[in-house]
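All of the numbers you see were taken from the coordinates with simple rules; none came from a lab. Keep in mind that what you see is a predicted model, and the values were worked out from it rather than measured. Cβ placement follows ideal geometry from the backbone for every residue including glycine, while neighbour counts extend to all protein chains displayed.
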């Protein structure tokens, strides 16, 4: 009888089947962990925007709260002399010139409340950019309380633009 070296086809198929079973168990957990990490990042960035907005109000009392995210950001050249138009309190990715600024897996908006300066309040809103990015929307106002809701896999959610809409959510 000859001595065989190596594995038989059956042995290799069994090993591949075991690897596929382990992957089928691990991949959903990995995706869920990634979504949870994205949600934590969205909540953290929303808290950063709360702090930056309150700092803006204290630094520029004649303007009140910022009217948009653009007011909190600024380019490196503009940050040489910050002002109420470009306060340089957040990076220029988060303080972009568009209505919704995307950072990480979330989109952020900031709406100043009031008809004229000084603005009396603000609403920060964060929503995942895709259903796989997370399952929670976040908002906050000048009270500094982070509030959230489940986005039910529908993304992105239309931004809240009133303090009443934000205050209706439960604190996170």
*Can you tell me the relative contact order of the chain? Whole percent, Cα pairs under 8 Å, sequence separation 6 or more.*
19
*By average Cβ neighbour count within 10 Å, what is the ranking of 16-23, 141-148, 77-84 from highest down?*
141-148, 77-84, 16-23
*Please work out the C-alpha center-to-center distance from segment 111-172 to segment 32-99 and express it in whole Å.*
15
*Go ahead and estimate [θ] at 222 nm for the chain from helices alone: -39,500 (n - 2.57) per DSSP H run with n ≥ 4, summed, over the residue count, rounded to 500.*
-12000 deg cm²/dmol
*Kindly express, to the nearest 10 degrees and within the range 0 to 90, the angle between helix 9-59's C-alpha long axis and the longest C-alpha principal axis of the chain.*
10
_Separation in nanometres of the label points that stand 7 Å from Cα toward Cβ, at residue 165 and residue 33_ = 3.6
*Only one of the values (1) 22, 17, 15; (2) 28, 23, 13; (3) 48, 18, 11 was calculated from this structure for semi-axes √(5λ) of the Cα gyration tensor in Å; name its label.*
(3)
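For segment 10-171, give the share of DSSP beta bridges that are antiparallel, in percent and rounded to the nearest 5; count only bridges with both residues there.
Counting only bridges with both partners in segment 10-171, antiparallel ones make up about 95 percent.
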